[in-house]
Each structure stands twice: as C-alpha cells, then as structure tokens.
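Engineer: I'd like to ask some things about the structure below.
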Amino acid sequence: MLAENAKRAGFGSVHYDLLTCPNAAALNTGDETPVLSIVNGTLDGMVPQYVRDHAPYDTVVSSLVLCSVDNLQATLDSILELLVPGGRFVFIEHVRHTDEMDLSVDASVYASGSFNIKVWGWMQELLTPIWSLVGGNCHLNRRTAQLLDDMKGWSSVRYTTLRLSGSMIDKLGPFIYGVATKALP
C-alpha cells in the first residue's frame with residue numbers, strides 16, 4: 001500500500017526487504033523520479049551497501065523496532081548517518097519507565113518520583129531477560145529517549161511520553177513518539 005501511494009504521488013519506488021531479499025538493489029526503478037526507499041527490517045547497526053548507495057535520506061521512520069536491535073546506540077548512529085542535514089527521524093517506540101512527567105495519564109498514577117514509576121521500572125528490569133528470549137529480542141528496559149537526548153548530531157529531539165494505565169502489559173511498556181532532526185553542518 002505504501003509503495004502504491006508513493007507511485008501515485010510521483011515517486012519511483014524501491015522496496016528493500018532486508019529479511020527476504022538480499023539483492024533488493026536490483027529492484028531500483030532506474031528512472032530519475034524521486035525515490036521512496038522502504039527498508040523492511042532493522043538495520044541493527046549494520047547498514048547494507050544498497051541502502052548506503054541511496055543515502056542520504058530526508059526521513060527515516062522507526063516503529064516499535066528499536067527495542068529489539070542488539071546495539072541500540074549503533075543503530076541510532078546509523079540512522080543519523082543516513083539522514084541528510086536537516087533530515088528527520090520519526091519514531092514511536094516503547095521504552096523503560098523514567099521519571100519525567102507527561103500528560104498521558106492521571107498524575108496521581110505516575111507522578112514524578114512516584115512509587116509506581118519506580119516499581120514499574122524495576123519490573124521492566126527484572127522481566128527483560130526472560131521477555132527478550134520469548135519476545136523476539138524485545139527489551140522492556142530500553143532508554144531510547146535518553147540516548148537520543150544525549151547524542152551529538154541532532155539539532156532537536158522532541159517527543160511525547162505516553163503511559164497507559166490499564167492492564168499489566170500496558171504498564172510494562174510506556175511509549176515515546178516524536179521527531180529528531182539532524183543538525184545542519
């Protein structure tokens with residue numbers, strides 16, 4: 001569907017599927033129309049040559065995959081490297097509970113420094129070794145926002161934290177969603 005919409009909008013389309021198509025570069029349309037590159041899978045710190053060949057990119061999108069990469073910092077470094085100056089990294093990821101405030105739930109449930117935040121963060125740490133074995137290497141305790149905030153190379157990192165207060169599964173995975181913009185030279 002994404003590729004069809006891109007073609008209707010005037011883009012050539014290259015579909016790189018890292019899991020099933022190791023020779024995906026051969027799918028390039030070969031014309032001069034702008035290209036929408038779709039990388040299905042995770043870069044996990046190693047950027048294939050056929051992805052590098054089309055860099056830099058205006059936008060990289062990550063949706064619930066950074067919890068599963070082996071080396072989060074290397075993956076974020078790769079994303080930054082692939083972006084054009086001023087390019088955007090758009091993300092939604094589940095993360096470890098932290099102490100920052102947000103407006104997504106009643107403040108009495110997750111007040112800054114509250115017992116709830118400390119307990120759920122501790123639970124994420126405790127469960128992550130088992131969870132990652134049965135959950136496709138998913139780590140409940142990733143501090144993705146902190147890594148993005150601490151990285152050099154971004155001109156801005158803006159995100160919102162969303163904490164759900166329903167089931168136990170909801171409480172194990174707060175989300176961040178936002179945009180990081182690569183600094184201009």
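Coordinate-derived values only; no laboratory data. Note that this is a predicted model, so its numbers are computed, not measured. Ideal geometry is used to build each Cβ from the backbone, glycine not excepted, and the neighbour counts take in all protein chains shown.
Engineer: With labels modelled as points extended 7 Å from the Cα through the Cβ direction, what inter-label distance (nm, one decimal) is found for Ala74 paired with Leu126?
Structural biologist: Calculated label separation equals 3.2 nm.
Engineer: What does the C-alpha gyration tensor say about the overall shape of segment 55-94? Classify as rounded when a/c is under 1.5, otherwise prolate if a/b is larger than b/c, or oblate.
Structural biologist: Oblate shape, in that a/c is at least 1.5 and b/c is the bigger or equal ratio.
Engineer: In addition: Determine, from the Cβ-Cβ distance of Thr181 and Asn137 and an R0 of 25 Å, the FRET efficiency 1/(1 + (r/R0)^6), rounded to the nearest 0.05.
Structural biologist: Efficiency, rounded to the nearest 0.05: 0.30.
Engineer: Show the residues, 5+ positions off or on another chain, whose built amide H is closer than 5 Å to the amide H of Tyr57.
Structural biologist: Leu83, Val84
Engineer: State, to one decimal in nm, how far the label point of Met151 lies from the label point of Asp58, with both points 7 Å from Cα in the Cβ direction.
Structural biologist: Computed distance between label sites Met151 and Asp58 equals 2.1 nm.
Engineer: Would you mind checking which residues have amide H under 5 Å from Ser68's amide H? H placed 1.01 Å from N; only 5 or more apart, or other chain.
Structural biologist: For Ser68, the qualifying residues are His139.
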